[in-house]
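The values are calculated or read from the model by the stated rules, or taken from the named source; none is laboratory data. Here the structure is a predicted model, which is why all the values come from computation and not from measurement. Every residue, glycine among them, receives a Cβ derived from its backbone with ideal geometry; neighbour counts consider all protein chains shown. Heavy atoms of the whole protein, side chains included, go into the accessibility calculation; ligands, DNA and RNA do not. Shrake-Rupley method; radii C 1.70, N 1.55, O 1.52, S 1.80 Å.
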Amino acid sequence: MKPRIAVLGCGYWGSNHIRTLKALGALHAVSDVNPARAEGFASEQDCLAIEPEALFVRSDVDAIVMALPPQFHADMAVRAVQGGKDVLVEKPIALTVADAERSVKAAADNGRVFMVGHVLRFHPAFETLKALIDNGELGEVRYIHSHRLGLGKFHTENDALWDLAPHDLSMILAITGTEPIEVRGEGAALLDNLSDFAHLHMRFPNGLRSHLFASRLNPYRERRLTVVGTKAMAVFDDVEPWERKLAVYRHAVWQDSGQWAFTTNEPSYVAVGEGMPLTRELEHFIQCIETRAEPRTSGEEAIRVLRILTAGTVTHTGSSS
């Protein structure tokens, strides 16, 4: 019997979780501060609508997926795990490291599964890229850069960095296997006092460098992660069709008689099995509930992501910067 999962928060991401869990046969209930919205989804998906206050004490709810504004995540997660529920919290799990640590500790103290919605870790193209790196196909990784650009979404509490960068930071941390020892952030605010453009520069203990660029005021979409190794370079481009999402470039650079020489090669596209990352993420959550295993995207990882976001945040006092 599948675990009985409720979705708290029926907004954009919550609705995606609702439909995906329904398809997986694990949707038990929906909940929202707007009762009419919850009732609408309950009717559409043939499940229960439960008031948020009642959700945490219901014996027929095994786990809760939280897709709320991030300032509410920590308090709700603590209440959920204290009520005996396993939780999957959408990113970012909180707006402060202290709140994130509080919720993760509460989950550990109560023996509950705590997973975070870093959904791109479950993208087949990223999983294939990670396997290439682990197998030494790229040689020693020396540089990683990611671009996540587009128009919107606009939030009143979190800027472009906090909204867009967690996905890329989760992937970068998975590749490096360690936290950066130096983080430097740059940001520009055009609309209000929150960064609409954000850059992060990171340096890791083994000398690896990484750069991240996030923007919510860009005229075109870009979803690209590039990994530069000593043998080859790889690009995970999520805007491309499936057969071109993962490209490997086997360029060569060497010194010849004191001069630099190089050759360029056309990319080879790596076969990637198609699959919806959110479906795979929720399948993993269900598996962790059933086996009590530590999730791939754990609370501890999310804390590491929040430390980087905090260190790289630029504050703006005027209307533009």
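Hey, can you tell me all the residues within the range 1-12 that are closer than 10 Å to Ala67 by Cα and either open to solvent by 70 Å² or more (accessible area, probe 1.4 Å) or acidic (Asp, Glu) (or both)? Across the range 1-12, the qualifying residue is only Tyr12. Considering the range 82-197, the qualifying helices (runs of 4 or more DSSP H), each wholly inside and each with 1 or more residues that are over 29 Å from Ile286 (Cβ atoms), open to solvent by 20 Å² or more (accessible area, probe 1.4 Å) and of a type outside the set (Val, Ile, Thr), run over 97-109. Count of the range 1-11 residues, restricted to those that are farther than 18 Å from Met76 by Cβ and in contact (Cβ under 8 Å) with a residue 60 or more places away in the chain, is 2.
Taking residues in the range 204-217 that are farther than 20 Å from Leu161 by Cα and aromatic (Phe, Trp, Tyr), and partners anywhere that are at pLDDT 95 or above and in a strand (DSSP E or B), not one pair has Cβ atoms closer than 7 Å while being at least 6 places apart or on different chains. Sub-9 Å Cβ pairs linking a first residue in the range 45-56 that is within 12 Å of Gly9 (Cα to Cα) and in the same structural domain as Ser31 (by the TED database) to a second residue that is acidic (Asp, Glu) and outside any helix (DSSP H, G or I), at least 6 apart or interchain, are Ala49/Asp32; Pro52/Asp32, ordered by first then second residue.
Of the residues making up the range 13-34, those that are without any contact (Cβ under 8 Å) to a residue 40 or more places away in the chain, assigned to a helix (DSSP H, G or I) and open to solvent by 70 Å² or more (accessible area, probe 1.4 Å) are Arg19, Lys22. Remark: pairs (first residue in the range 142-171, assigned by the TED database to the domain that holds Phe204; second residue of a type in the set (Val, Ile, Thr) and open to solvent by 20 Å² or more (accessible area, probe 1.4 Å); Cβ separation under 7 Å; 6+ apart in sequence or on different chains) = Arg142/Val228; Arg142/Thr230; Tyr143/Val228; Ile144/Ile175; Leu161/Thr313. A count restricted to the range 281-298 and to residues that are open to solvent by less than 10 Å² (accessible area, probe 1.4 Å) and farther than 16 Å from Val119 by Cβ stands at 0. Selection within the range 231-254: residues that are buried (at least 17 other Cβ atoms within 10 Å of the Cβ) and outside any strand (DSSP E or B). The member of this set that is farthest from the chain's Cα centre (by Cα) is Ala232. Name the single residue that is surrounded by the most Cβ atoms within 10 Å (Cβ to Cβ) among those in the range 202-230 being of a type outside the set (D, E, K, R) and over 29 Å from Pro241 (Cα atoms). If we take residues in the range 202-230 being of a type outside the set (D, E, K, R) and over 29 Å from Pro241 (Cα atoms), then Met202 is surrounded by the most Cβ atoms within 10 Å (Cβ to Cβ).
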